[in-house]
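Heads up: the structure comes next, in structure tokens.
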Amino acid sequence: MRPGQLILLPAAATALLFLLSGLSLTSGCNKALCASDVSKCLIQELCQCRPSDGNCSCCKECMLCLGNLWEECCDCVGMCNPKNYSDSPATSKSTVEELHRPIPSLFRALTEGDAPINMMVVSFPVAEELSHHENLVSFLESLDTQPQNVSVPGNSIHASYDTQENMCTVVYFDDCVSIRQCKLYCESMGGSKYRWFHNACCQCIGPECVDYGSKAVKCMNCLF
């Protein structure tokens with residue numbers, strides 16, 4: 001190791017710790033959701049400019065680094081105005097997506113009997129699932145064919161579905177996860193869809209569910 005590196009590494013670590021400590025000072029910053037991705041972008045020095053001071057030289061690079069979390073996390077790096085979550089808590093918002101290659105038999109096998117470690121399996125009547133009018137704030141993408149990831153009230157296309165005998169089964173992960181992890185976990189379980197709450201709680205939705213599962217947050221270690 002060259003002598004210069006002995007000075008640069010501690011200096012970089014000190015700067016990073018200083019920047020990360022600023023997350024707790026930003027009242028609107030969703031630390032549970034943003035900390036990991038914000039840390040990555042700060043380490044790469046992609047979000048160092050300050051638009052509020054007229055300097056937006058890094059704005060595009062910062063947005064690309066944060067990706068799908070830009071809207072939720074831009075205030076954590078000083079790129080946008082702090083958000084006020086008092087009127088709209090993160091648990092009241094969610095993102096949903098259809099999974100392209102569900103494996104119903106795999107999902108049923110993993111959710112029957114005792115729940116796997118770090119997960120909670122919840123089943124409820126499909127009629128209860130359809131009784132809620134969804135208030136989704138964003139969608140990740142549309143399918144190449146006719147879009148199917150649009151939630152509708154229970155009195156429309158689902159009217160002819162037998163909701164009395166069928167149960168909707170969903171899986172909640174105990175801990176907070178990123179939206180990318182949520183999608184990956186649900187795909188690995190054979191799920192048909194997933195719902196990712198904006199407090200970072202992840203719900204995998206089974207094949208018997210005709211809408212988007214439950215809008216209740218039930219992740220044991222990720223409730224707020």
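The values are calculated or read from the model by the stated rules, or taken from the named source; none is laboratory data. Quick caveat, the model's predicted, so the values are computed rather than measured. All Cβ positions, glycine included, derive from the backbone under ideal geometry; neighbour counts span all protein chains shown. With ligands, DNA and RNA removed, areas are computed over all heavy atoms of the protein, side chains included. Shrake-Rupley method; radii C 1.70, N 1.55, O 1.52, S 1.80 Å.
Accessible area ranking (1.4 Å probe, heavy atoms, ligands and nucleic acids excluded), largest first, for K193, K183: K183, K193.
Summary of packing: across the peptides 48-54, 96-102, the per-residue average of other C-beta atoms within 10 Å ranks them, highest first, as 96-102, 48-54. Take each peptide in 110-116, 120-126, count the other Cβ atoms within 10 Å of every residue, and average; sorted highest first, the result is 120-126, 110-116. Using a cut-off of 26 Å between Cα atoms, the listed pairs K40/K183; K60/K193; K31/K183 include K60/K193 as exceeding that distance.
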